[in-house]
Amino acid sequence: MRIFDNPHFDAHESVVFVHDARTGLRAIIAIHDTRLGPAAGGCRFWNYESEDAAIADVLRLSRGMTYKNAVAGLDLGGGKSVIIGDPRAIKTPQLMRAFGRSVERLGGAYTTAEDVGVDVEDMEHVRETTRHVAGLAHGAHASGDPSPTTAKGIVNGLRRAVAQRLNRDDLGGLLVAVQGLGHVGWHVCSRLHEGGAKLIVSDIDAARVERAVSEFGATACAAEAVLSVEADVFAPCALGAVLNARSIPALRVAIVAGAANNQLEDIADADRLHARGILYVPDFAINAGGIISVSREIAGVADPDWIAGRMHQLDANIAAILAEAEAERVSPHHIAMRFAERRLDAAGR
C-alpha cells in the first residue's frame, strides 16, 4: 500500500482511512486541493479487487474533482470518497450512517454526495450523522439526484462537439454508442433518444440493455465490442481508464463525449486521440452538471434559476475550450487543464 510515492498521488492535502468494526465499513476519503474552497465530490461504493485499487481510484477521482469544480466555475475544492465492498451485499443504513460520521469528523473540509453504487436514499441515511452531505431528496435547497443535470451537460457538450466536428446542429440520425446504463448513462440515452439520435448500448447488466432496446429502440452491443463499434460518437458512461493505448486504436468514431470520470488512463491518451483525429470532450468539463446541481445545495442558494445560469456558463466554457483547441491544433484536454489551472493559480493558497 503506497500513498506518498503512489503514481496517482498529486500533492493531495489529506487522505483519510476509515473503519467501523460494527458495520464493516471500510472507506477512504481523499481531499486533493482546497484553494477554491472546501472539497466536494461524490462517494463511490465499489467492490475493488484490492485496497491498492481503491487508493488509486480515490486519488484519481479527487484530483479530477479539483479540475471539474474549477472548470465549472464553482468555489469548491476537489475531494472524493470510496467505500470498499459490494454494495449489493454489505450496504445497510447503519453502514451509511457510519460513513456519515467519518465525514462529520472532518468538520466541513469535505462534502459528500452520490456516485456509483450510492443513491439519494443512501444520502438520506448519511444525513442522519453529518451536515456535510448534498444530493438530498428533502430539506432546504435539496437538489435530489444529480444524474439528470449531469446528463443534460453531457448532451449539451456532445452537441457542441457534433457542431464543430460534424458540422451538424441537430442530433437527428446521429449514431451514438453508449457504454454504461447506470443513473447518468440512462438519462443520457433518454435525452439523445428525444433528440432523434440512434443508440448502440452496452452494460454489464443485461436487463438494463434489454430495457434500453425496448424503450429507446437501441441496438444491443456486447461489452467487449462497444469500443470498436462504428458510430459517430462514443459516450463512455461507466468506469474510468477506458481510453488507453490498447483501446484507442480500435475506436471507429469521430467524437468521444461521455459521463465517466477519468476516462483517460494516462494524459498521453489525449494526444493519442488527437493524433487519430478523434475529438475528445474532456470528462471533467462535460460531466460537471452533477456537481453544479449539488453545489447549489452546499451553498444554500435559494434562487431556482442559479443552476440554469451555471449550466449556461459551463456550456459556454466547453464551447470556448473546443474552439481554442481547434485553433491551437491540440487536444481539448490540454486546453481544459489550462483553463482550470488558471483559476487555481489565481486563488493561490
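General observations
- Count of the range 52-78 residues which are more than 15 Å from Phe9 (Cβ to Cβ), surrounded by fewer than 24 Cβ atoms within 10 Å (Cβ to Cβ) and of a type in the set (D, E, K, R): 1
- Of residues in the range 207-232 being more than 11 Å from Ala177 (Cβ to Cβ) and part of a loop (DSSP other than H, G, I, E, B), the one farthest from the chain's Cα centre (by Cα): Gly217
- Only one entry in Glu210, Glu194, Glu224 is free of Cβ contacts under 8 Å to residues at least 24 places away in the same chain and closer than 19 Å to Ile154 by Cα, namely Glu194.
- Number of the condition not met by Gly100 [criteria: (1) free of Cβ contacts under 8 Å to residues at least 40 places away in the same chain; (2) outside the structural domain of His32 (by TED's automatic domain parsing)]: (2)
- Taking the range 187-218 as the range and being surrounded by fewer than 17 Cβ atoms within 10 Å (Cβ to Cβ) and either aromatic (Phe, Trp, Tyr) or touching a strand residue (DSSP E or B) at 6+ places or on another chain (Cβ under 8 Å) (or both) as the test, the residues that pass are Glu210, Val213, Gly217.
- Sole exception among (1) crowded, with 17+ Cβ neighbours inside 10 Å; (2) over 20 Å from the mean Cα position of the chain (by Cα); (3) under 26 Å from His193 (Cα atoms); (4) of a type in the set (Gly, Ala, Ser) for Ala235, by number: (2)
- Candidate set: the range 309-340, residues that are of a type in the set (D, E, K, R) and without any contact (Cβ under 8 Å) to a residue 24 or more places away in the chain; chosen: the one nearest to Asn287 (Cα to Cα): Arg338
- Residue in the range 15-37 that is surrounded by the fewest Cβ atoms within 10 Å (Cβ to Cβ), counting only those that are more than 20 Å from Gly107 (Cα to Cα) and either of a type in the set (Gly, Ala, Ser) or at pLDDT below 95 (or both): Ala21
- A single entry from Gly85, Gly24 fulfils the requirement of being farther than 19 Å from Leu264 by Cβ and within 21 Å of the chain's Cα centre (by Cα): Gly85.
- As for the range 298-321, it holds no residue that is in a loop (DSSP other than H, G, I, E, B), under 19 Å from Leu158 (Cβ atoms) and in the same structural domain as Arg159 (by TED's automatic domain parsing).
- Residue check, Asp86 buried (at least 20 other Cβ atoms within 10 Å of the Cβ), within 27 Å of Thr150 (Cα to Cα), among the acidic types (Asp, Glu) and not assigned by TED's automatic domain parsing to the domain that holds Asp266: no
- Screening Ile248 with (1) out of contact with any strand residue (DSSP E or B) (no Cβ under 7 Å at 6 or more places or on another chain); (2) at pLDDT below 95 gives one miss only, at (2).
- Yes/no for His12 being in contact (Cβ under 8 Å) with a residue 24 or more places away in the chain, part of a loop (DSSP other than H, G, I, E, B) and crowded, with 19+ Cβ neighbours inside 10 Å: yes
- Hey, Val162 under 17 Å from the mean Cα position of the chain (by Cα), under 30 Å from Asp305 (Cα atoms) and among the hydrophobic types (A, V, I, L, M, F, W, C) or not: no
- When the range 324-349 is limited to residues that are basic (Lys, Arg) and within 21 Å of the chain's Cα centre (by Cα), the one that is surrounded by the most Cβ atoms within 10 Å (Cβ to Cβ) turns out to be Arg343.
- Within the range 153-177, the only residue that satisfies the criterion of being in a strand (DSSP E or B) and touching a Leu at 6+ places or on another chain (Cβ under 6 Å) is Val176.
- Residue within the range 251-265 that is touching a residue at least 12 places away in the same chain (Cβ under 8 Å) and part of a helix (DSSP H, G or I) present: no
The values are calculated or read from the model by the stated rules, or taken from the named source; none is laboratory data. Note that the structure is predicted; figures quoted are calculated from it, not measured. When we count neighbours, we look across all protein chains shown, and the Cβ atoms used for this are built from the backbone with ideal geometry, even at glycine.
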